[in-house]
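Shown next, in C-alpha coordinates, is the structure this report addresses.
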Amino acid sequence: MAARSSRLAIQTPFDAASFFSTYSTLISASGKQSRINQIIKWCGADFDGCLVFDEAHKAKNFVVGNDSMCTKVSKCVIEIQNALPKARVVYASATGVSDISNLIYANRLGLWGRGTPFPDFVDFQKFIEKRGIGGLELLAVEMKAMGMYVSRGLSWTG
(Lines give C-alpha, C1' and ligand atoms only; values in the text may rest on other atoms or scores of the structure.)
Protein backbone atom coordinates (compact mmCIF):
# COMPACT_ATOMS: atom_id res chain seq x y z
CA MET A 1 0.00 0.00 0.00
CA ALA A 2 1.41 3.35 -1.03
CA ALA A 3 1.76 6.15 1.45
CA ARG A 4 -0.39 9.15 0.65
CA SER A 5 -0.90 12.57 2.13
CA SER A 6 -4.01 14.35 3.30
CA ARG A 7 -2.25 17.72 3.01
CA LEU A 8 0.12 16.64 0.25
CA ALA A 9 3.02 16.90 2.67
CA ILE A 10 2.32 14.43 5.52
CA GLN A 11 2.45 10.77 4.50
CA THR A 12 -0.41 8.48 5.59
CA PRO A 13 -1.42 5.09 4.15
CA PHE A 14 -4.84 4.49 2.62
CA ASP A 15 -6.74 1.99 0.49
CA ALA A 16 -9.13 4.44 -1.16
CA ALA A 17 -9.58 8.18 -1.00
CA SER A 18 -11.16 11.20 -2.61
CA PHE A 19 -9.42 14.47 -3.22
CA PHE A 20 -11.27 17.70 -3.94
CA SER A 21 -9.60 20.78 -5.33
CA THR A 22 -10.72 24.12 -6.63
CA TYR A 23 -9.17 25.42 -9.83
CA SER A 24 -7.48 28.11 -7.71
CA THR A 25 -5.78 25.42 -5.63
CA LEU A 26 -4.89 23.43 -8.73
CA ILE A 27 -2.88 26.33 -10.15
CA SER A 28 -1.28 27.41 -6.86
CA ALA A 29 2.10 26.55 -5.39
CA SER A 30 3.41 25.82 -1.92
CA GLY A 31 7.02 26.64 -1.50
CA LYS A 32 9.03 25.38 -4.45
CA GLN A 33 6.51 22.78 -5.60
CA SER A 34 3.35 23.48 -7.57
CA ARG A 35 0.07 21.98 -6.38
CA ILE A 36 -0.47 20.29 -9.73
CA ASN A 37 2.82 18.41 -9.33
CA GLN A 38 1.96 17.52 -5.72
CA ILE A 39 -1.42 16.15 -6.82
CA ILE A 40 0.12 14.15 -9.67
CA LYS A 41 2.71 12.72 -7.28
CA TRP A 42 0.00 11.95 -4.70
CA CYS A 43 -2.06 10.08 -7.29
CA GLY A 44 0.92 8.10 -8.58
CA ALA A 45 1.81 6.98 -12.09
CA ASP A 46 -0.64 4.07 -12.07
CA PHE A 47 -3.62 6.12 -10.90
CA ASP A 48 -6.74 4.75 -12.58
CA GLY A 49 -9.33 6.61 -10.56
CA CYS A 50 -11.63 9.33 -11.80
CA LEU A 51 -10.82 12.97 -12.45
CA VAL A 52 -14.00 15.05 -12.40
CA PHE A 53 -13.74 18.55 -13.80
CA ASP A 54 -16.82 20.44 -12.63
CA GLU A 55 -17.37 23.72 -14.48
CA ALA A 56 -14.92 22.28 -17.01
CA HIS A 57 -15.45 25.20 -19.36
CA LYS A 58 -13.11 27.18 -17.08
CA ALA A 59 -10.28 25.31 -18.83
CA LYS A 60 -11.29 26.48 -22.31
CA ASN A 61 -8.61 29.11 -22.87
CA PHE A 62 -5.75 27.06 -24.28
CA VAL A 63 -3.98 28.07 -27.48
CA VAL A 64 -1.74 25.46 -29.10
CA GLY A 65 1.75 26.87 -29.64
CA ASN A 66 1.08 30.15 -27.81
CA ASP A 67 1.76 29.63 -24.12
CA SER A 68 1.26 33.31 -23.29
CA MET A 69 -2.38 33.12 -24.48
CA CYS A 70 -3.19 30.11 -22.26
CA THR A 71 -4.69 30.42 -18.81
CA LYS A 72 -3.08 28.63 -15.87
CA VAL A 73 -6.27 26.61 -15.40
CA SER A 74 -6.28 25.33 -18.98
CA LYS A 75 -2.61 24.36 -18.77
CA CYS A 76 -3.11 22.51 -15.47
CA VAL A 77 -6.22 20.64 -16.63
CA ILE A 78 -4.40 19.41 -19.72
CA GLU A 79 -1.23 18.66 -17.73
CA ILE A 80 -2.95 16.46 -15.15
CA GLN A 81 -4.74 14.49 -17.85
CA ASN A 82 -1.46 13.91 -19.70
CA ALA A 83 0.37 12.97 -16.50
CA LEU A 84 -2.30 10.44 -15.42
CA PRO A 85 -3.02 8.51 -18.64
CA LYS A 86 -4.96 5.70 -16.90
CA ALA A 87 -7.34 8.07 -15.12
CA ARG A 88 -10.99 8.16 -16.12
CA VAL A 89 -12.24 11.68 -16.83
CA VAL A 90 -15.61 13.39 -16.51
CA TYR A 91 -16.13 16.88 -17.89
CA ALA A 92 -19.16 18.58 -16.32
CA SER A 93 -20.38 21.95 -17.52
CA ALA A 94 -23.71 23.67 -17.96
CA THR A 95 -22.09 25.84 -20.63
CA GLY A 96 -22.43 24.55 -24.17
CA VAL A 97 -19.62 24.69 -26.71
CA SER A 98 -20.19 27.74 -28.92
CA ASP A 99 -16.66 27.70 -30.36
CA ILE A 100 -14.83 24.45 -31.07
CA SER A 101 -11.56 25.96 -29.80
CA ASN A 102 -13.12 25.98 -26.32
CA LEU A 103 -13.16 22.17 -26.29
CA ILE A 104 -9.38 21.67 -26.40
CA TYR A 105 -9.16 20.73 -22.70
CA ALA A 106 -11.40 17.69 -23.32
CA ASN A 107 -8.68 15.53 -24.84
CA ARG A 108 -10.04 12.34 -23.24
CA LEU A 109 -13.20 12.39 -25.35
CA GLY A 110 -11.27 10.56 -28.06
CA LEU A 111 -12.32 12.95 -30.81
CA TRP A 112 -8.74 13.53 -31.95
CA GLY A 113 -5.44 11.72 -31.51
CA ARG A 114 -4.48 8.08 -31.92
CA GLY A 115 -7.23 5.92 -33.44
CA THR A 116 -9.16 8.87 -34.92
CA PRO A 117 -9.10 10.57 -38.33
CA PHE A 118 -7.53 13.64 -36.69
CA PRO A 119 -3.93 13.37 -35.45
CA ASP A 120 -4.31 16.40 -33.16
CA PHE A 121 -6.77 19.01 -31.96
CA VAL A 122 -5.80 21.53 -34.64
CA ASP A 123 -6.85 19.13 -37.44
CA PHE A 124 -10.10 18.34 -35.61
CA GLN A 125 -10.77 22.05 -35.07
CA LYS A 126 -10.24 22.88 -38.77
CA PHE A 127 -12.60 20.07 -39.79
CA ILE A 128 -15.40 21.26 -37.50
CA GLU A 129 -14.89 24.96 -38.24
CA LYS A 130 -15.31 24.34 -41.99
CA ARG A 131 -18.84 23.14 -41.19
CA GLY A 132 -19.83 26.15 -39.06
CA ILE A 133 -22.48 25.98 -36.34
CA GLY A 134 -24.01 22.97 -38.10
CA GLY A 135 -20.74 21.13 -37.52
CA LEU A 136 -20.99 21.78 -33.78
CA GLU A 137 -24.59 20.59 -33.76
CA LEU A 138 -23.68 17.39 -35.62
CA LEU A 139 -20.81 16.84 -33.19
CA ALA A 140 -23.24 17.12 -30.27
CA VAL A 141 -25.61 14.62 -31.94
CA GLU A 142 -22.74 12.18 -32.55
CA MET A 143 -21.45 12.52 -29.00
CA LYS A 144 -24.95 11.90 -27.61
CA ALA A 145 -25.30 8.81 -29.81
CA MET A 146 -21.99 7.47 -28.48
CA GLY A 147 -23.06 8.08 -24.86
CA MET A 148 -20.33 10.62 -24.14
CA TYR A 149 -22.55 13.69 -23.97
CA VAL A 150 -25.64 14.29 -21.89
CA SER A 151 -27.72 17.42 -22.06
CA ARG A 152 -31.26 18.42 -21.42
CA GLY A 153 -33.41 21.31 -22.40
CA LEU A 154 -35.29 23.28 -19.82
CA SER A 155 -38.76 24.58 -20.51
CA TRP A 156 -40.95 27.25 -18.97
CA THR A 157 -44.00 25.01 -19.46
CA GLY A 158 -45.14 21.77 -17.87
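Observations on the structure shown:
- Scope the range 34-59; condition under 17 Å from the mean Cα position of the chain (by Cα) and open to solvent by 80 Å² or more (accessible area, probe 1.4 Å); matching residues: Asp48, Val52, Asp54, Lys58
- Selection status of Arg88, at pLDDT 90 or above, loosely packed, with under 13 Cβ neighbours inside 10 Å and among the charged types (D, E, K, R): yes
- Verdict on Tyr105 being within 30 Å of Ala17 (Cβ to Cβ), touching a His at 6+ places or on another chain (Cβ under 9 Å) and not in a loop (DSSP other than H, G, I, E, B): no
- Single condition Lys126 does not satisfy, out of (1) outside any loop (DSSP other than H, G, I, E, B); (2) in contact (Cβ under 8 Å) with a residue 12 or more places away in the chain; (3) not β-branched (Val, Ile, Thr): (2)
To keep it simple, each residue is scored yes or no on (1) under 18 Å from Leu26 (Cα atoms); (2) buried (at least 18 other Cβ atoms within 10 Å of the Cβ).
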| residue | (1), (2) |
| --- | --- |
| Asn61 | yes, no |
| Asn66 | no, no |
| Val77 | yes, yes |
| Asp120 | no, no |
| Phe127 | no, no |
| Leu139 | no, yes |
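- In the range 51-95, of all residues being assigned to a strand (DSSP E or B) and touching a helix residue (DSSP H, G or I) at 6+ places or on another chain (Cβ under 7 Å), the one that is farthest from Asn37 (Cα to Cα) corresponds to Ala92.
The values are calculated or read from the model by the stated rules, or taken from the named source; none is laboratory data. Please read all numbers here as calculations on a predicted model, not as lab measurements. All Cβ positions, glycine included, derive from the backbone under ideal geometry; neighbour counts span all protein chains shown. What goes into the accessible areas is simple: the full protein's heavy atoms, side chains included, and nothing from ligands, DNA or RNA. Shrake-Rupley method; radii C 1.70, N 1.55, O 1.52, S 1.80 Å.
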